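Here's the structure, in structure tokens; my notes come after.
The values are calculated or read from the model by the stated rules, or taken from the named source; none is laboratory data. These numbers were taken from a predicted model, which means no experiment stands behind them. Counting neighbours? That spans all protein chains shown, and the Cβs are built from the backbone with ideal geometry, glycine included. Just the protein is used for accessible areas: all its heavy atoms, side chains included, with ligands, DNA and RNA removed. Shrake-Rupley method; radii C 1.70, N 1.55, O 1.52, S 1.80 Å.
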Amino acid sequence: MGKSPEKKRGSKPASTESNAWPVADAQERFAELLDAAANLGPQTIVDHNRSFQLTLTRSRWSPEAKELLLSGGRVGAAGKADKH
């Protein structure tokens, strides 16, 4: 394609499309998925008959965002109530 991004060992998802990740690979290699989205552009996570696109945008550092990512999507461990 037009860009020639830096290549790291294992940075490409295992799929026919260079930006498509099976769900199991995306879960096991989450840090690589985030790196690919940051460095190579939008990444697609594919499930049996669904697909989801992950796009990262740079923003300022946020302790809430860090907690959200580290907790697997559940903010609340630091005293914030989960919304029901």
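Exactly one of these conditions fails for Ser18: (1) closer than 15 Å to Leu69 by Cα; (2) of a type in the set (Gly, Ala, Ser); (3) at pLDDT below 85. Give me its number.
(1)
Taking the condition modelled with pLDDT of 75 or more, open to solvent by 60 Å² or more (accessible area, probe 1.4 Å), of a type in the set (S, T, N, Q) and over 13 Å from the mean Cα position of the chain (by Cα), does Asn39 pass? Let's see the steps before the verdict.
Details: modelled with pLDDT of 75 or more: yes; open to solvent by 60 Å² or more (accessible area, probe 1.4 Å): yes; of a type in the set (S, T, N, Q): yes; over 13 Å from the mean Cα position of the chain (by Cα): no.
Against the criterion (modelled with pLDDT of 75 or more, open to solvent by 60 Å² or more (accessible area, probe 1.4 Å), of a type in the set (S, T, N, Q) and over 13 Å from the mean Cα position of the chain (by Cα)), Asn39 does not qualify.
Could you list, in sequence order, all residues of region 19-33 that are out of contact with any helix residue (DSSP H, G or I) (no Cβ under 8 Å at 6 or more places or on another chain) and either open to solvent by 40 Å² or more (accessible area, probe 1.4 Å) or among the aromatic types (Phe, Trp, Tyr) (or both)?
Correct list: Pro22, Val23, Ala24, Gln27, Glu28, Arg29, Phe30, Ala31, Glu32.
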